[in-house]
Structures are given as structure tokens and as C-alpha cells.
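Heads up, the thing below is written out as C-alpha cells.
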Amino acid sequence: MPMTIRPMLPADLDAVLRVQAACYPPAMQEPAAVVKARLIAAAATCLAACDADGVCGYLFAYPSRLGRVTDLGATFEVAQDADTLYLHDLAVDPRGLGQGLARALVEHLLDLGCGLGLSNAALVSVQDSTRFWNGFGFAPRATSDAGLLTYPAGAVYMARPLE
């Protein structure tokens, strides 16, 4: 089934929330108002993956600073002096699994980050996903940002240079 990746639109919000609910336990699901505010704050770096039935995956990101962590459930604060593309949330609906969709979303966004002149990419790995992120060159990195404490146990801050 063909997939397309495009900028996320406000009209995608309900579908994005459905994908989020299919991928995360209730404690990690973020409210619609927060998700909408993130899209408004960083529309240029929020992507939707679509198939014939609509949105089946997404990736939220925004320009930030290396070492900063967005609290789980908080809105984005786009840094004026950004040096890092912060990947906050990647999710793929079960119907899109096994098709390389997550990889395509990440590669698309990392290319976009290079075009924005940012020198790093960073994220918080959850749900035992560090191996997935290692495949993109992300490695654990120390951070003293208290935002990391808002994530479930086992969350890991990771970063990599953008080339």
C-alpha cells in the first residue's frame, strides 16, 4: 500500500490522536490541546504519514537547544537560538507497521533539520526504543534537564550530529 509523507495539518489532529492512543499507554498520551499547540508552534517540523485510509503515522519535532528536554505533556518552546532538532514524538499505527514507515519519517525529518541549518538532533527514547534510534546514529547523552524526569522509568536522552 503506497504511503506519503507530508507536513501535518490542523485537520489531522483527530487522526493523530487515534494513532497516539494505539501506540502509547494512557499515562503517556498527551491531550489534544497540547498536540494542537505543538503543531501551531512548529508546523514546519511536524510530519504526517498517510496511506489510502488517512494518517497512519506522525513525527513531531521542533528547533531547540542541545541538552534541553520537553516535559511529557508540555507544549513546544521553539528556541530562537536553536542548534538542535528535537524529535519529541514518533508513532506509527499498527496498520502501518513493518513497512519502513517509522524509518521514512525519521529520515525525512533529519534531512529537513539539515536544511534548517541545525547542527544536532536529539530525543528522549521511550518504550525500549534505544536500539531503533541507534540505527540512526543517536547515542545516549547526559543531560541535567529535569524534563527527563517527566518520562517513564527507562527513558534515555539521546543525540547525534546532523550532517
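Overview of results
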{"quantity": "Amide H contacts under 5 Å for Gly57, placed H, 5+ residues apart", "calculated": "Ala49, Asp93"}
{"quantity": "On Cα atoms only, tilt of 101-115 relative to the major axis of the chain in degrees", "calculated": "50"}
{"quantity": "Accessible area in the full protein assembly, largest first, 1.4 Å probe, for Ile40, Ile5", "calculated": "Ile40, Ile5"}
{"quantity": "Rounded to 10°, Cα long-axis angle of helix 32-41 versus longest principal axis of the chain", "calculated": "70"}
{"quantity": "Overall form of region 88-163 per C-alpha gyration tensor (a/c, 1.5; a/b vs b/c)", "calculated": "oblate"}
{"quantity": "Accessible surface, per residue, of region 64-163 when the full set of protein chains is kept, probe 1.4 Å, Å²", "calculated": "50"}
{"quantity": "Gyration tensor verdict on the chain (Cα atoms; rounded if a/c is under 1.5, prolate if a/b is larger than b/c, oblate otherwise)", "calculated": "rounded"}
{"quantity": "Cα-centred dipole magnitude for region 1-120, charges only on beta-carbon of K, R (+1) and D, E (-1), debye, nearest 20", "calculated": "40"}
{"quantity": "Surface accessible to a 1.4 Å probe, Cys23 within the full protein complex, Å²", "calculated": "40"}
{"quantity": "Within the chain, helix-based [θ] at 222 nm, where runs of 4 or more DSSP H residues each add -39,500 (n - 2.57), nearest 500", "calculated": "-7500 deg cm²/dmol"}
{"quantity": "Given charges at beta-carbon only (K, R positive; D, E negative), |dipole| of region 107-163 in Debye", "calculated": "140"}
{"quantity": "Dipole of region 1-60, positive direction: furthest Cα of Val16, Val34, Ala48, with charges on the beta-carbon", "calculated": "Val34"}
{"quantity": "Crossing angle, helix 13-23 versus the chain [Cα axis fit, 0-90 degrees, rounded to tens]", "calculated": "80"}
{"quantity": "Whether region 69-121 is rounded, prolate or oblate, judged on the alpha carbon gyration tensor where a/c under 1.5 counts as rounded", "calculated": "oblate"}
{"quantity": "Percent of beta bridges antiparallel (DSSP, region 48-157, rounded to nearest 5)", "calculated": "80"}
{"quantity": "Pairwise centroid distance, computed over Cα atoms, of region 98-145 with region 1-23, Å", "calculated": "19"}
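The values are calculated or read from the model by the stated rules, or taken from the named source; none is laboratory data. Treat the numbers as computed from the prediction; the structure is a model and nothing was measured. In this analysis, Cβ positions are derived from the backbone assuming ideal geometry, glycine residues included, and neighbour counts consider all displayed protein chains. The area values use the complete protein model at the heavy-atom level, side chains included, leaving out ligands, DNA and RNA. Shrake-Rupley method; radii C 1.70, N 1.55, O 1.52, S 1.80 Å.
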